[in-house]
Each structure stands twice: as C-alpha cells, then as structure tokens.
Amino acid sequence: MERTRTITVSCLNLAMHSPHSRRRYVELLSTAFAAKRMVRLGSVHGGMIGSLYGTASASAEKELTGELYRFLKLDPDEPWFNAQTKEAASPDDLEALSIPSHLLPHLQRVPFLFKPATHRLYLVSKDRKDNMSPSTAKQLLDGVFQPLALEGLFPPVEITVEPAKDALDEILSLTSLEHLVIELVPPNPDDGDDIEKSWKDRLKKQNVRKQTVQLDSERNQTIKPDAETVALARVAASNGKVTASGHDAAGVKQDMSTEDKPLRERFQHDPNVETLFDTLRRAADMLG
C-alpha cells in the first residue's frame with residue numbers, strides 16, 4: 001500500500017472578455033490543447049498543456065481535467081560540463097553526445113481541474129518532486145492563450161493568481177498604510193457575488209478595460225479604507241491585484257502585493273482510496 005501524502009493546491013482565475021459562456025471556456029481549453037504550443041518558461045524550461053479530459057462528455061461545462069507539462073528545454077549550443085574531468089566539456093566529449101532534439105528531459109506532470117462556471121483552474125502546485133508555482137502556471141497559460149487572441153479565435157484572457165485567503169487582510173492591516181493601489185480588470189460582469197457583479201458591470205458599461213485606484217495618505221497619517229474601498233479591493237484581489245506600502249508595528253518599511261502571496265492550501269491524498277483528480281476535486285469544492 002502507498003502512504004498518504006500531502007499535496008499543495010493553488011488556483012488561477014481565467015477571465016475571458018465577452019463572449020464568455022461556459023461552452024466558450026470549454027472551447028478555449030480544447031483549442032489551446034489541440035494547438036500543442038510549447039511555451040518558454042525561464043531560461044531552461046518549457047511547458048505546455050499536456051493532456052485534457054472531458055471536453056466531449058455531457059459534464060464538460062461542469063469540469064475539465066488535465067495536466068500541465070514542464071520539462072527541460074536545453075540549448076545544445078551552450079557550454080557543457082564534464083563531471084568526470086571537472087572541466088568544461090571538450091569538442092571530443094560532445095561528439096559522443098547524441099540526443100534527438102525532440103526528446104526533452106525531466107518531465108513533470110501537474111494535474112489540474114477547471115470549472116467553466118467560475119472559470120477557476122485548480123492545480124497541484126506541489127506533489128513530492130513535481131511542482132509548478134501558480135505564477136509559472138500563469139506564464140504557461142498566458143503563452144498558450146495570447147496567440148489564440150491575436151489570431152482572433154478568442155477574446156483576450158486575463159489570468160489572476162488567486163491570492164491566499166489572508167493576503168488582502170494583511171495589506172489592509174498594516175500599522176501605517178501609506179500607499180494603496182487597487183487594479184481591477186473586469187472582463188466578466190455576470191459572475192461572482194452581487195458586489196463583484198456591480199463593480200464589473202459598472203466598468204463594462206463605461207467601456208473600461210481596467211480601473212486603477214491609488215490612495216496616498218496625508219503626511220504622518222495612515223489610510224483608513226472605507227467599506228467601498230475594501231469591497232473594491234476584495235474584488236480586485238481575484239481580478240487584478242492590490243499593492244501597498246507602509247510600515248509595520250516595529251516601524252519597518254513594508255512593500256506588499258496580493259501577487260506576492262498566492263493561495264497554497266495543503267490537502268491529504270491517499271492514493272489507495274482516491275486518484276489525484278479526486279483529491280483535487282475535493283480541494284476545489286472546499287476552496288470554492
């Protein structure tokens with residue numbers, strides 16, 4: 001029997017500009033997967049949507065599952081190191097090197113579950129040696145979706161890394177909150193709670209792509225956000241970002257952002273009684 005282990009789950013908000021029905025989100029993921037586009041992730045890694053399941057099923061508009069792939073994408077023309085001689089590899093050493101260019105090492109498979117109704121993508125950001133930060137997953141999906149928008153196949157997709165539950169509260173609770181910037185990207189006015197819908201609908205009616213609110217405190221004073229500002233910040237935390245600067249109780253300067261504290265929730269996975277997708281589904285239901 002395999003041992004129960006801990007996995008870490010993170011979340012992305014994939015918000016498509018109109019039109020953005022559930023079926024349209026299914027088509028977006030299906031088209032992106034079929035394109036098999038590889039995206040450069042940093043200097044030595046690449047990634048892609050490696051698998052996608054459920055697009056043809058009756059429950060496709062309820063959930064899709066799949067895997068994000070990450071692998072090493074080395075430049076063979078860069079210098080190599082000979083671990084035996086402890087020196088740079090010589091031309092003679094490299095003559096014996098024969099790896100087909102289509103074979104890429106160190107494959108990591110990252111399971112995900114996507115809910116078209118809320119356009120939230122939940123991924124296993126850490127499971128034993130396999131890991132992918134939510135910011136890397138965002139970079140991968142940005143690289144996959146942007147060409148589809150440029151080709152006119154789909155509207156642009158705004159991706160926000162879902163912050164930790166307490167990320168915004170930590171920002172707003174700074175002892176001395178001196179600068180507060182709220183950036184709201186409102187592509188989906190017909191989803192979310194009433195406050196979220198209200199803000200998004202208001203901007204949509206004004207043909208606004210992004211709203212930025214900047215508050216600067218009076219000298220030697222702290223910002224005291226009112227209920228309307230707090231409500232806007234809570235919407236922006238999942239649909240844009242909130243950044244701030246100020247000083248903590250010890251007088252230490254703090255620069256904070258919801259982007260710096262992504263959601264990373266730990267869940268127990270027992271491979272003897274459930275698949276990773278089962279655990280991910282349970283996590284998604286709990287995280288909402």
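Structure notes:
- Residue ID - farthest from K115 (Cα to Cα), chosen from residues in segment 269-288 that are open to solvent by less than 30 Å² (accessible area, probe 1.4 Å) and in a helix (DSSP H, G or I): T279
- Odd one out for S176 among (1) open to solvent by less than 60 Å² (accessible area, probe 1.4 Å); (2) among the small types (G, A, S); (3) under 14 Å from the mean Cα position of the chain (by Cα): (3)
- The residues on offer are M1, M48, M16, and the sole one that is of a type outside the set (F, W, Y), in contact with a helix residue (DSSP H, G or I) (Cβ under 8 Å, 6 or more places away or on another chain) and at pLDDT below 95 is M16.
- Considered as a group, the residues in segment 37-90 that are closer than 17 Å to L123 by Cα and basic (K, R) include one that is surrounded by the fewest Cβ atoms within 10 Å (Cβ to Cβ), and that residue is K62.
- Tally of residues being open to solvent by 40 Å² or more (accessible area, probe 1.4 Å), outside any strand (DSSP E or B) and not aliphatic (A, V, I, L, M) across segment 114-130: 3
- Only residues that are crowded, with 17+ Cβ neighbours inside 10 Å and hydrophobic (A, V, I, L, M, F, W, C) were counted in segment 245-268, giving 2.
- Test: residue in segment 68-83 that is of a type in the set (S, T, Y), in contact (Cβ under 8 Å) with a residue 12 or more places away in the chain and under 20 Å from E162 (Cβ atoms): no
- In segment 1-36, residue surrounded by the fewest Cβ atoms within 10 Å (Cβ to Cβ) [restricted to those that are more than 19 Å from the chain's Cα centre (by Cα) and in a strand (DSSP E or B)]: T6
The values are calculated or read from the model by the stated rules, or taken from the named source; none is laboratory data. This is a predicted model, so every value here is computed, not measured. Don't worry about glycine lacking a Cβ; one is built from the backbone with ideal geometry, like all the others, and counts go over all protein chains shown. Protein only, heavy atoms only, side chains kept; ligands, DNA and RNA dropped before computing areas. Shrake-Rupley method; radii C 1.70, N 1.55, O 1.52, S 1.80 Å.
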